[in-house]
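K.L.:
There's a structure below that I have some questions on.
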């Protein structure tokens, strides 16, 4: 068994529960956000070009997402110390969570085989999930692009106006 998952969540599925440490080592639980709309996005590695682009895109749209009732969480396999450095370097203002054992990544189907520079590798699949206040998946987006993803997500959620 290679540790690759074939799980694919779809709208209506219960969002897998998790409690993970944030960049400061404090636990953040999905269950503590019940009653809110939550956007959970998975990214391969802090401080890499694509992940920085995506995180800054979420940062730049955060005020309007929050005004529309959405909480954003970013999850990667990085250790909390690296997440803290990423947060400071790029002025990220939403929680970054650490999943070094890949348990949450696999539960969401965000870890598996992907093409990287023409080769098949196993790793984090850049993925985004929108979870409703009852803890159900509203939207499951796999293998998203780092650039332009937040704009597409905003359109899909009916939040077309420009960021604040």
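K.L.:
Just to be sure I understand: of the beta bridges DSSP finds with both ends in the range 70-148, what percent are antiparallel, rounded to 5? Could the numbers behind the result be given before it?
P.N.:
On the way: 10 of 13 bridges.
Looking only at bridges with both residues in the range 70-148, the antiparallel portion is about 75 percent.
K.L.:
What is the extension gain from residue 26 to residue 151, computed as 0.36 nm multiplied by their sequence separation minus the C-alpha to C-alpha distance, in nm to one decimal? Walk me through the intermediate numbers first.
P.N.:
Working: separation 125, 0.36 × 125 = 45.00 nm, distance 3.00 nm.
Value of the extension gain: 42.0 nm.
K.L.:
Using only alpha-carbon positions, what ratio does the radius of gyration of the range 19-156 give when scaled by 2.2 N^0.38 Å?
P.N.:
0.97
K.L.:
Now for a different question. Per residue of the chain, what 222 nm ellipticity follows from adding -39500 (n - 2.57) for every DSSP H run with n ≥ 4, rounded to the nearest 500?
P.N.:
Mean residue ellipticity at 222 nm (helix-derived): -8000 deg cm²/dmol.
K.L.:
Provide the percentage of antiparallel DSSP beta bridges, counting only those with both residues in the range 19-156; round to the nearest 5.
P.N.:
Around 70 percent antiparallel, to the nearest 5.
K.L.:
Okay, next question. Taking the Cα centroid of the range 66-94 and of the range 17-59, what is the distance between the two, rounded to the nearest whole Å?
P.N.:
5
Quick note: the coordinates plus some simple rules give every number you see, no bench work behind them. Just so it is clear, the model here is predicted, and its values are computed rather than measured.
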